[in-house]
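Remarks on the structure that follows.
The values are calculated or read from the model by the stated rules, or taken from the named source; none is laboratory data. Because the structure is a prediction, the values reported are computed rather than measured. Every residue, glycine among them, receives a Cβ derived from its backbone with ideal geometry; neighbour counts consider all protein chains shown.
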Amino acid sequence: MPFKIAIASGKGGTGKTTFAVNLFRYLSQSMPGKVQLVDCDVEEPNDHIFFPEAQFEKLEKVYRLVPEIDQSKCTYCRKCVEYCEFNAIVVIPTVRFAEVNSSLCHSCGACIVACEDDAINEKPEEIGTIRRGFLPSGGRISGGTLKIGSSMQTMMIRELKKAVSGEAPITIFDAPPGTSCPVVAAIADADLIILVSEPTPFGMYDLKLSIDLLRELRKPFGVLINKSGLGTDELHNYLLNQGIELIGSIPFSRAYAGMYASGNLFNDIPEEVAFAFSEILHKLHDRILQHEGDHHSER
Amino acid sequence: MIEYYSMKEITILSGKGGTGKTSVTAAFASIAEHAIFCDGDVDAPDLHLILAPEIKETHPFPGGRKASINPELCTDCGLCRDYCRFDAIHQDISGRYYIHPVQCEGCRLCERICPVGAISSEQSMNNFWFVSDTRFGKLVHANMQAGEENSGKLVTTVRNHARELAKAEGYRFIITDGPPGIGCPAIASITGSKAVLMIVEPTRSGMHDAIRLAELVKGFNIPIFSIINKYDVNEEVAAEIESWLHSDNIILLGKIPFNEVVVKAMIEKKSVIEFDPDSELSYILRSSWTKLVSELENGQ
Amino acid sequence: MPRRKRLRKIVAPPGFKGYRPFGNTSRNSGFIELLYEEYEAIKLADYDLLNHQEAADLMGVSRPTFARIYESARRKIARAFVETKEIRTFYGNAWMNENWYRCLDCSAKFTIPLNLPEKTCPLCKSVHVELIA
Amino acid sequence: MKTAITSTGNHLDSEFDLRFGRAGWFCILDEDTGKTSFIRNEQINASHGAGTRTVEKMMELGVGKVISGDFGPKAKELLEKFNIQMIILEDEQLTIKEIIKKIQN
């Protein structure tokens, strides 16, 4: 039974990536060959920076389908215009003009259903690339890069997830920040979501937004407090009052922040950070094993 | 392009989240004269936590359409699921079909192909935008339901209103706290701006994202300025960023050291300049603002 | 009536309105008019280093016409240098991919669709218009 | 030839509207007869593509000139393609009447 963990946060810069790559490294060492990390932040993919030793395969292009109107068949009936909810089609019968504006098109396929003259065909258009790789120590790492200026984040994430599904029994998704559609796409099928937060007013406000979203989606989640000690206890108390699981706390360490900055996250970790990490990683490791165990006993 | 000769809109962006955009915006808000503020991060707005707005006007913002299936009419034929390209239509355990509102893109195709007319859609009305008073001046901001699409248009709405207010009341500056990333909301916050201020942190990922952001902004032909935040967290990377900025002709307004005073100010709901006006940080922020203003006035 | 000149396609107008000599004592020695298409010809031949045929194709004129425009541009610039004259750029007979004009009298900005021959302001009918694209 | 002027209201004393696709109204002026009429913009609340839809409307009305404050990139491209002249005015204090006067003088 595959297990999927998504690492998310409402606010950016809380330490999502730091945690995701640490979790990945830990699990891929304790369960070699069974773990993959998927960087779902397709606007700003960063996870690969921390694994310079990773070997990447050739980039795969991701396409979406954009309709094209065959003017020789078009009768300028404007039915596609009527069907298109995104105002992406311009048809001007008087001058016999019909065109699709691909920047507004959502690739929903409604115009094709609308067209009775078989005048609309779909053509692939590149929206980004997927990069897959593996670490010499085992473990697969992949991610997507959206073309700059494209607004197809959600589709890019869905395509990325489709492309890598089933590559490993345990998957870690590093979600983009925020609470909008792309985040939903990244966490939609996760078995556990870890919200990374920081104990500052901004961190807490954004965490509440994420919690609202996850409750609406009825997803199991827990909260990881990063940079603890930097702000106040308010966040702890809030989680306690709300009955939300605290996955763990990682103390703020200026030295560790400096290490992240240079792209080094794994060597010479300050002791207090290393200790907090190992406790949390152990806990999650046990939980994954338990999940597998549960499944076996069901059989 | 419309030009309001006296008014300048500055959008503060970062690419990567958590680099200190909102803290810088708040600091500028506390010293800028004749300015109006705008929170362009409608997804996870934070500026109001510092500015403590008193809401004066509330406006609904019609969101995207969301389809739903009327279970009484539905015959469970499953046609809608075959047509839906957004994987938004699912079956529950008893085999009945339902549409997940968060995954629904609002294209209405299911509604049109349903043979028994069981699907209908409605515009979501849970998003609002506000005009508020703060101790520094007016703030235009918004609140978007989680999982909503189309935040780009809400950003545009908020900015347009700020611009109208600025024009009507003769403000000199609009300071916009932009959304993270380089996607649709970020583009919506750049379009029509007079300048972009990029807050970069000296990390590998921060630099990577800043380069992508700069590439995006260049397409708009808008001048880019930058501030390196927490530069002393890694001076090696900071130096690398500095030389990239230099080679890309991006003006560096200031380098801000790491200081816990930023978090302390945040907890007190104050901008850094209000919280500790004599600190080194406040000095750097003030001089960055002055430099930015003079660059903009002379650049015309 | 002289034959109307065919418009020459140029990619972008020059990024300046003119050049002025400095260090010379005799002021007001006048100016020469460098047409946009002449600027474009210099740019294509001496900056982009295209041969005359390639440049002519880009501007949508024949090779001999290109050669004439190019020669005229060089002579004008040489004259400006030697006689210490200002160089001022003028619109001439060019058309651009994106052509926006500004009326110097009423400051309206406007386009001139290809089917409209005249270059006058559509609002106040002024003939004082400049290209701003 | 017909000219469209973006307007905030439906009479000659209304102020000029700087927006094109999201203008409140269009004043259609027949330059030959001097007659005007006002048409409400149905695209004002469209969430996407208001500009291109408005170009369609202009074509339908047989407009040859559009006066507005700005044109989006897509609208610009289409207007250019169909040889409709675009005119940008930056003074939103003007009334429709004043703009018409400028044209007719």
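Here are the numbers for this structure:
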item: Filter result for residue B:159 (of a type in the set (Lys, Arg) and within 20 Å of residue B:22 (Cβ to Cβ)); result: yes
item: Looking only at region A:167-181, and only at residues there that are away from chain B (no Cβ under 14 Å) and part of a strand (DSSP E or B), the one that is farthest from residue A:193 (Cα to Cα); result: A:170
item: Condition met for residue D:55 (under 10 Å from the mean Cα position of the chain (by Cα) and assigned to a helix (DSSP H, G or I)); result: yes
item: Residue list for region D:80-103, restricted to those being facing chain C (nearest Cβ under 8 Å) and in contact with a helix residue (DSSP H, G or I) (Cβ under 9 Å, 6 or more places away or on another chain); result: D:84, D:85, D:86, D:89
item: Extreme residue, farthest from the other protein chains (Cβ to nearest Cβ), among residues of region A:143-166 that are hydrophobic (A, V, I, L, M, F, W, C) and part of a loop (DSSP other than H, G, I, E, B); result: A:152
item: Region A:196-222: number of residues that are under 20 Å from residue B:103 (Cβ atoms) and more than 10 Å from chain B (Cβ to nearest Cβ); result: 4
item: Tally of residues being surrounded by fewer than 17 Cβ atoms within 10 Å (Cβ to Cβ) and touching a Phe, Trp or Tyr at 6+ places or on another chain (Cβ under 6 Å) across region C:53-90; result: 2
item: Breaking point among (1) buried (at least 17 other Cβ atoms within 10 Å of the Cβ); (2) farther than 25 Å from residue B:82 by Cβ; (3) over 27 Å from the mean Cα position of the chain (by Cα), for residue A:75; result: (1)
item: Failed criterion for residue A:227 (all others in (1) in a loop (DSSP other than H, G, I, E, B); (2) crowded, with 16+ Cβ neighbours inside 10 Å; (3) among the charged types (D, E, K, R) hold); result: (1)
item: Hits in region D:18-69 (condition: charged (D, E, K, R), closer than 18 Å to residue B:153 by Cα and at the interface with another protein chain (Cβ under 7 Å from one of its Cβ atoms)); result: D:53
item: Elements of type helices (runs of 4 or more DSSP H) in region B:232-300, at least 2 residues being touching a residue at least 40 places away in the same chain (Cβ under 8 Å) and either surrounded by fewer than 18 Cβ atoms within 10 Å (Cβ to Cβ) or touching a Cys at 6+ places or on another chain (Cβ under 6 Å) (or both); result: B:280-299
item: Total residues in region B:54-96, condition more than 14 Å from every other protein chain (Cβ to nearest Cβ) and within 27 Å of residue B:152 (Cβ to Cβ); result: 5
item: Filter result for the condition that a residue is over 15 Å from residue C:77 (Cα atoms), assigned by TED's automatic domain parsing to the domain that holds residue C:86 and modelled with pLDDT of 85 or more, over C:55, C:12; result: C:55
item: Candidates A:12, A:33, filtered to the one that is assigned by TED's automatic domain parsing to the domain that holds residue A:151, on the phi > 0 side of the Ramachandran plot and not in a helix (DSSP H, G or I); result: A:33
item: Of the criteria (1) over 23 Å from residue B:229 (Cα atoms); (2) at pLDDT below 85, which one residue A:261 fails; result: (1)
item: Neighbours by Cβ (under 9 Å, 6+ apart or cross-chain): first from region D:1-16, assigned to a loop (DSSP other than H, G, I, E, B); second crowded, with 18+ Cβ neighbours inside 10 Å and of a type in the set (S, T, N, Q); result: D:8/D:14; D:14/D:7
item: Residue in region B:137-145 that is touching a residue at least 12 places away in the same chain (Cβ under 8 Å), in the same structural domain as residue B:30 (by TED's automatic domain parsing), in contact with a Pro (Cβ under 6 Å, 6 or more places away or on another chain) and more than 18 Å from residue B:37 (Cβ to Cβ) present; result: no
item: Members of region B:172-218 that are free of Cβ contacts under 8 Å to residues at least 12 places away in the same chain and more than 7 Å from chain A (Cβ to nearest Cβ); result: B:218
item: Condition met for residue A:135 (surrounded by fewer than 21 Cβ atoms within 10 Å (Cβ to Cβ), away from chain D (no Cβ under 14 Å) and closer than 30 Å to residue D:82 by Cβ); result: no
item: Filter result for residue B:69 (crowded, with 18+ Cβ neighbours inside 10 Å and within 30 Å of residue A:152 (Cα to Cα)); result: yes
item: Residue B:27 of a type in the set (A, V, I, L, M) and either under 30 Å from residue D:91 (Cα atoms) or in contact with a helix residue (DSSP H, G or I) (Cβ under 8 Å, 6 or more places away or on another chain) (or both); result: yes
item: Residue check, residue B:108 in contact (Cβ under 8 Å) with a residue 12 or more places away in the chain, out of contact with any Phe, Trp or Tyr (no Cβ under 7 Å at 6 or more places or on another chain), assigned by TED's automatic domain parsing to the domain that holds residue B:20 and not small (Gly, Ala, Ser); result: no
item: Counted residues, region A:83-123 - those being within 9 Å of another protein chain (Cβ to nearest Cβ), within 23 Å of residue D:57 (Cβ to Cβ) and among the hydrophobic types (A, V, I, L, M, F, W, C); result: 12
item: Single residue of region B:31-41 satisfying the filter (crowded, with 24+ Cβ neighbours inside 10 Å and more than 9 Å from every other protein chain (Cβ to nearest Cβ)) that is nearest to residue B:172 (Cα to Cα); result: B:36
item: Flag if residue A:126 is within 12 Å of chain D (Cβ to nearest Cβ), part of a strand (DSSP E or B) and within 34 Å of the chain's Cα centre (by Cα); result: no
item: Subset of region A:26-52 (residues that are surrounded by fewer than 22 Cβ atoms within 10 Å (Cβ to Cβ) and more than 14 Å from chain B (Cβ to nearest Cβ)); result: A:26, A:29, A:30, A:31, A:32, A:33, A:34
item: Residue in region B:10-26 that is of a type in the set (D, E, K, R), loosely packed, with under 15 Cβ neighbours inside 10 Å and not in a strand (DSSP E or B) present; result: no
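Residue by residue, here is whether (1) in contact with a Lys or Arg (Cβ under 8 Å, 6 or more places away or on another chain); (2) surrounded by fewer than 16 Cβ atoms within 10 Å (Cβ to Cβ) holds:
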{"residue": "A:193", "(1), (2)": "yes, no"}
{"residue": "A:214", "(1), (2)": "no, no"}
{"residue": "A:233", "(1), (2)": "no, yes"}
{"residue": "A:242", "(1), (2)": "no, yes"}
{"residue": "A:256", "(1), (2)": "no, no"}
{"residue": "A:272", "(1), (2)": "no, yes"}
